[in-house]
Amino acid sequence: MSATAGQVIRCKAAVAWEAGKQLVIEEVEVEPLQKMEVRLKILFTSLCPGQTPLFPRIYGHEAGGVGEGVTDLQPGDHVLPVFTGECKECRHCKSSESNMYDLLRINTDRGVMISDGKTRFSKNGQPIYHFLGTSTFSEYTVTHVGCVAKINPAAPLDKVCVLSCGISTVFVLEGLGATLNVAKPTKGSTVAIFGLGAVGLAAAEGARISGASRIIGVDLNANRFNEDYDKPVQRVNTIMLYSSSTECAGNVNAMISAFECVHDGWGVAVLVGVPNKDDAFKTHPINLLNERTLKGTFFGNYKPRNDIPSVVEKYMNKELELDKFITHQVSFSEINKAFDLMLGGQSLRCIIHMGN
Ligand code: NAD
Ligand code: ZN
């Protein structure tokens, strides 16, 4: 038990007060833990896109930290918070095919803890909403115990924090250490990747390791491609059809292209990017009748608490490279700079050091 168990604590957190405005570092109050909750001291967090508006709110869902000790965590345990939790009891947890847990599944609109429908953060009595059950842009956060993966304490948290969301998603997707593969490319297959941020580049790396013979990357950012076309990829005659494609852009047109560019008869397209709320996916049904498969996944169909520790081990055994995805580092006070780098298409992952 930590010395502050049962007490309100104060710490610094980056609060989003309204849409389109910079985050403000505030001193906030963090309420004592309720049933099945843990408090985490966040040491490093990184930016992964996917914010939805609900204010005031503490964003952030990709991070590494230290458990404060309740339930099955010991004080000092090294952990990665995860946005899609695992209760180990519901029908999804019991199925080997799903990670869409009833209670703790990803829900970008929920801003409260599930035990009592309240927030644990506040400022001068005003409640501040949570995000994805993790809210890692805070020195201390509260999560459900089902949203915490305990990892090897020797793993450097400033590196493996990127495995708490984006990078794990596609490594697993492409079949590295997966218990369930969503679209494992076979040796010699051809792969198209849409969106060349950290998630798309990790997908390309996974495809390369799986032995793909040809990998094409598609992006709108001129710094990330070397051939430009004036029509969607699937309409460019000189471009071949792919045995699989992965959409990592979060754009509905890229999703449609990703599906329509896979080969009839066997092609599989996997959606990973998170679309806008009002987007609708439109394609002619003949594209499906022609024996193409369309799939989507959160977290590469992974059971995070169970599987993340083994992905961390892969990094420790030098089977996975993470450093090349980490392009920038900033202190917590510079968190808005990290957003500018991400939105400007300059960074892959920017690590925010909470300690200063
Ligand atoms: P990022 O913003 O760093 O990269 C996205 C890239 O897509 C950018 O290079 C951008 O220029 C490109 N892009 C945008 N529109 C495009 C279009 N129409 N066609 C081609 N490229 C386009 O993001 P990231 O961190 O790499 O994450 C990628 C996506 O994956 C995001 O939508 C994120 O929310 C999502 N994500 C999903 C999961 C999951 O479990 N499903 C996990 C992590 C991230
Ligand atoms: Zn993420």
At 0.890 mPa s and 25 °C, plugging the Kirkwood radius over alpha-carbon pairs of region 46-120 into Stokes-Einstein gives what diffusion coefficient in µm²/s?
171 µm²/s
Here the tail fraction of P(r) beyond 23 Å, over all Cα-Cα pairs of region 1-149, rounds in percent to 30 percent
Give the average over all directions of the projected area of the C-alpha convex hull of the chain, one decimal, in nm².
17.6 nm²
Checking the table K12/K123; K35/K88; K12/K88; K41/K303; K35/K118; K12/K41 against a 21 Å threshold on Cα-Cα, which pairs fail?
K12/K88; K41/K303
Can you list the residues, at least 5 places off or on another chain, whose amide H is less than 5 Å from the amide H of V15, using H built in the peptide plane?
V24, I25, E26
Taking only the C-alpha atoms, wrap a convex hull around region 1-59 and report its volume per residue in Å³ as a whole number.
121 Å³
Cβ-derived FRET efficiency at R0 30 Å, M240 paired with E321, nearest 0.05
0.60
So if the hydrodynamic radius of region 217-313 is defined as the Kirkwood radius over C-alpha pairs, what does Stokes-Einstein give as its diffusion coefficient at 20 °C and 1.002 mPa s, in µm² per second?
144 µm²/s
Mean-square fluctuation check for the chain, GNM, Cα pairs under 10 Å: which of I308, I114, I128 is largest?
I114
Could you order peptides 215-223, 246-254 by the average number of other Cβ atoms within 10 Å of their residues, highest first?
246-254, 215-223
Can you give the Rg/Rh ratio of region 272-338, where Rg is from the C-alpha atoms and Rh is the Kirkwood radius?
1.13
Say a site is exposed when it is one of the trypsin sites (Lys or Arg not before Pro), sits in a DSSP loop, and has at most 15 other Cβ atoms within 10 Å; what is then the longest site-free stretch of the chain?
188-276
Whether region 234-276 is rounded, prolate or oblate, judged on the alpha carbon gyration tensor where a/c under 1.5 counts as rounded:
oblate
So for the chain: antiparallel DSSP bridges make up what percent, rounded to the nearest 5?
60 percent
Would you mind calculating the gained length between N223 and K277 on full extension (0.36 nm times residue separation, minus the Cα-Cα distance), in nm to one decimal?
16.6 nm
Stokes-Einstein D in µm²/s, Kirkwood radius over Cα pairs - region 78-140 at 20 °C with 1.002 mPa s viscosity:
165 µm²/s
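We did not get these values from a lab; they are worked out from the coordinates using the rules stated. From a predicted model like this one, the values you see are computed outputs, not experimental measurements. FYI the Cβ positions are ideal-geometry reconstructions off the backbone, even for glycines, and counts take in every protein chain you see.
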